[in-house]
Amino acid sequence: MILTALGFVFGAWLLQQQAVLPFFAIGLQAAWMLVPTLGVIFFLVQKLQQKTLKNLCKFACASLLGFIYSANFAAIRLSDELPIDWQQKSITIIGVVASLPEVTERGERFKFDVEKIVTPQAKTPKHISLNFYRDIGSAKPENAPSLSNFFHAGQRWQFTVRLKRPHSTYNPHGFDFEAWALAENMRATGSIHSKSGYKKLANFVWRPSYMVENLREKIGNNISQTLSNKPYAGVIRALVVGDDSQISADNWTIFLRTGINHLVSISGLHITMLAGLAFAIFSFVWRRIPRLVMRMPTRIAATLAGLVVAILYALLAGMSVPTQRTLYMLLVFALALLWGKNLSISRALAMAVLVVVIIDPWAVIAPGFWLSFGAVALIAYATVGRLNPLSALKTALHTQWAITLGLLPLLIVMFGQVSIVSPIANAFAIPVISFLVVPLAILGSLMPIDFILHAAHFILQLCMLGLVWLSSLPTWQQAAPPMWALLLAILGVFWLLLPRGFPQRWLGIILLLPLFFVQPAKLAQGEMQAIVLDVGQGLSVVIKTANHTFLYDAGPSFSAQSDAGGRIVVPFLRGEGVKKLDGFMVSHNDSDHSGGAASVLAQIPATWLASSFDTTEINAAKKSIKCFAGQRWRWDGVTFEVLYPKLAAYQQANLTDNNKSCVVKITSQFGSALLTGDIEKEAENALLNDVENNVIDDDALEANSRAAAGDAISPRAISKLKSDVLIAPHHGSKTSSTVDFVQAVAAKHIVFTVGYLNRFKHPKPLIEKRYEESGAFTYRSDYQGALTLDFTRANSLNIKALRQSQPHYWQDKYP
C-alpha cells in the first residue's frame, strides 16, 4: 500500500512538471481504456518472485497510473475555459455565489458558479472568481456595512461581467497563481460591470455546499462584528472559518518570522486537537452511563464523536489541504477501529495521501501538502515503535526537535528562510492556540455569548506579546539550494533521527552541510546580471554584480495588505540569497513603482535609499538621498550613473512625478542597460539636449585609430544614452519613446513591463512598432514573465524569459 501510494504521488508530481499535456490526455475515456492494461501488468507483477524487482515494478505501475490519471483530470478541467476572444468583453450571466465572500478595501471577492449565459454566443467557464468594486459610480450599495459583505453565499444573481483567463505574474521563487487557480477549479477571473446593473434572483439556492458556505459566512461576519476594532479579529476569523484575508500584513510577518504560520491557517493540528478533545469529553460522559455502554463500547462511541467533530470543523474551515490530510487519516483510523483491525500510522498516512492526490492532483505542487504530510511522517518516524519510551515531557521535546529538524530542508527550499526561534514559539503557541483559543473561538462563534469570543481574543493577545518579541530576533536566510543538496539533506535528517544507539548518527550532519554551504555561482569581476521582475503593471529591476545587489523600484501596491514588494521582490531576493541591498532606488512616487518599497525595506535592509520624492514614510535605510544627474559609483567593475533629473529640476513646480523619474545607466564590460522609470517626452528631450550626454564613445576612439591607419572612417559623437538594453519608458506609453530618443539610445533589446490586459493598453502598438522598426527585439513581462539578462564573459548578453525556460501545461502560450 505504501509503495503504491508513493508511486501514484510521484506520477502526479511528474505530470505537473510537464510543459504540455501528453497526447493521451483527452479525458476520462482514455484513462479508463488504459486501466485494464495496467491491471494486467499489475497482476503479472504480483507473480514476480524477486522482491526488489517486484517492488520496482509496483512503483512503476503506480507512477504510470498517477501520471495518466492526473493528465486526464487536467485535460477535463482545462477544457472548461474562457475563449480568448471573449476576454474583457461584457457578458451577462446568471449564477450562484459559491463561497464565503472576502471583504476587500474597495469591495468584495467571491467564487461564482455560472448556471446560464444570457449574452448570445458567449462562453464562460462554470466556475469563476469575481470582484465587486463598491466605489464605482452609483454601484455602491447604501446598505453594505464595511465589516460585512453585500453579496451572500448561496444567492442567485444576474451580473454583467468582464472576464479574463487565469493569468498571474511569473517570477523565480514566486507563487504560481495560475497553478493555484487550476487546482481550485477557478477558470476565469473578472469584475462585475456595475453600471450595467445587477439583479438578485433568489435569496438562497439550496445545495449542501452553498449551505456550508453560507454558515461559514454568517459565523465569520459575527466574529468580525463582535471583535470589531480588535487587533487580532482577523486571526480569530481565520482560525474558525479559514478566511485569512483579514489578517494584516504586519501580523503575517510576525507569524512567518516565528514559524507559527501553520497554526494561523487551518492546520491538521487543530482538527486533531479538537477531535481528541471531543473524544476525551464524550468518553468521560459515555462510560458513566451504563445503558449507553451496553449499546456501544465507549471507545467506539467516543471515536465516532471525535470523527463527527473533525468533519464538522473541516467543513467549517473550508477543507484546505492540511485539513483534508488530517481528516482522511482520522477517517482511516476510525474505519480500522470499527472493523477491528490494527492499522499502522504509515499505512494510514499512505491511504490519506492517496485520497488527497486522487481528489486534487495539484496538491503535490502546494508547499502545504509537503509540509503537513512531512510533519506527520516525521512524528511517526521519530516516535512510533521505539524501545524504551520516553516520558511525556521528553516525548514532546523530541517530537518538536524532529519536526524542526525534519522540515528545515523544505522550509529553506520553499521560503528561503527558517525561523531560529520556531521551536520556542511553537512550544507555547501550539498548546495555547490549539487547546484554548480555537475551542473558545468556535464555542463563542456558535453561541450568542460575546464574552467567550472576547476571552479567546484576550488569550491570543497575551500569546502575541511573546510572539512579537520573538519576531524581533533574527531569522536564518539563504539562497534556494540545488535539488541534489535537498535530497542529501532529507537523507541526513532521517539518519540523524534514527533510534538512540544506532552507530554513526552524526554522519547525518555531514549530509546536511551542502544545504547551507552550497551557494549559487558568483559573477566575475566586470560581469552583471539584471533581472526584470514580472510585477504586473509596474516596475522592479534587480541588478547583481560580483559582490553587490542594487534594486530599482519595487513594483505596485495591490491593497493595504499586499504589494509586489512583499509578494514578489522579497521572495525573489531571499531565493537568490540576498540578505542586504547595497543600494535601493525608487524612481518616482507613482504607486506602481513605489508601492512595494516599504515592504522590501521592512524585510531586507538597504545601505542607502535614493529617490526623487520624500521617502519619510517608507525609509528604513541607513541613508536617504535625492537622485540627481552626475551621481556615479562603481561596484565590481560595473559603473552606475544617474543621468536625470538635474538637481535644479526639483525647483520646477510644474514638473510632473513621471518627469522626475531617476534615470540610471548601468555599464558592464559586456553590455549596458538603461533604466528610465516613467519619463515622458519632456524628460527625454531634456536628456537629449543635455550636452553632457554627448561624449566620444570607445567605438569612436577606435574609429579615430582606424582612420589614422588609413581607413576612411571619421570620429563620431555617440550619445551617453546608447545602451544595449532599454527598459521602455512609462511601460510603452505614447507619451514617451520619441523617435529621437529611440534613435539616441539605439538599444537592441527593449523590455516593456506591463500588466496582462492592463487598462492603459500598454504598450501602445505605435510604440512597439517604433522600436521594432529601429531593429530592436521587444519583450513583454506579461507574455514572457520575469526576464534574466546575463552580461557575462561567456555570452556577452544572454536573455532568458521565465515563461519560455520553465513552461507548464496550464499556462497560455504567448509570442
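The residue pairs whose first member lies in region 79-100 and is over 14 Å from ILE192 (Cβ atoms), whose second member is in a strand (DSSP E or B) and polar (S, T, N, Q), and whose beta carbons are closer than 7 Å, counting only pairs six or more residues apart or on different chains, do not exist in this structure. When only residues in region 579-598 that are open to solvent by 30 Å² or more (accessible area, probe 1.4 Å) and either more than 27 Å from TYR644 (Cβ to Cβ) or in a strand (DSSP E or B) (or both) count, which is modelled with the highest pLDDT? If we take residues in region 579-598 being open to solvent by 30 Å² or more (accessible area, probe 1.4 Å) and either more than 27 Å from TYR644 (Cβ to Cβ) or in a strand (DSSP E or B) (or both), then LYS580 is modelled with the highest pLDDT.
Among the residues of region 290-303, those that are open to solvent by 70 Å² or more (accessible area, probe 1.4 Å) and not basic (Lys, Arg) comprise PRO290, MET294, PRO297.
For region 193-216, the count of residues that are among the acidic types (Asp, Glu), more than 18 Å from LEU130 (Cβ to Cβ) and open to solvent by 20 Å² or more (accessible area, probe 1.4 Å) is zero. Scanning region 604-615 turns up one or more residues that are touching a Ser or Thr at 6+ places or on another chain (Cβ under 6 Å) and free of Cβ contacts under 8 Å to residues at least 60 places away in the same chain. Against the definition (in a loop (DSSP other than H, G, I, E, B), surrounded by 18 or more Cβ atoms within 10 Å (Cβ to Cβ) and at pLDDT below 85), how does ILE271 come out, yes or no? So ILE271 does not fit the description; no. Screening SER434 with (1) part of a helix (DSSP H, G or I); (2) more than 30 Å from ASP176 (Cβ to Cβ); (3) open to solvent by 40 Å² or more (accessible area, probe 1.4 Å); (4) modelled with pLDDT under 85 gives one miss only, at (3).
What number goes with the only condition from (1) modelled with pLDDT of 95 or more; (2) touching a Ser or Thr at 6+ places or on another chain (Cβ under 6 Å) that TRP633 does not pass? Answer for TRP633: the failing condition is (2).
Residues being in a strand (DSSP E or B) and over 18 Å from the mean Cα position of the chain (by Cα) are entirely absent from region 556-578.
For the residues ALA480, ALA489, the requirement of being surrounded by 18 or more Cβ atoms within 10 Å (Cβ to Cβ), modelled with pLDDT under 85 and either among the hydrophobic types (A, V, I, L, M, F, W, C) or farther than 30 Å from ARG759 by Cβ (or both) singles out ALA480.
Being part of a helix (DSSP H, G or I), among the aliphatic types (A, V, I, L, M) and open to solvent by less than 20 Å² (accessible area, probe 1.4 Å) is the filter here; which residues of region 402-428 pass it? Hits for region 402-428 are ALA402, LEU405, ILE412, ALA425. Residues that are over 18 Å from CYS463 (Cβ atoms) and small (Gly, Ala, Ser) number at least 3 in the following helices (runs of 4 or more DSSP H) confined to region 163-264: 177-183, 208-226. When the test is whether a residue is more than 21 Å from GLY732 (Cα to Cα), open to solvent by less than 10 Å² (accessible area, probe 1.4 Å) and either at pLDDT below 95 or not in a loop (DSSP other than H, G, I, E, B) (or both), ALA700 passes it.
The values are calculated or read from the model by the stated rules, or taken from the named source; none is laboratory data. Owing to the predicted nature of the structure, the values given are computational and were not obtained by experimental measurement. Neighbour counts are summed over all protein chains in view; Cβ atoms, including those assigned to glycine, are modelled from backbone coordinates with ideal geometry. What goes into the accessible areas is simple: the full protein's heavy atoms, side chains included, and nothing from ligands, DNA or RNA. Shrake-Rupley method; radii C 1.70, N 1.55, O 1.52, S 1.80 Å.
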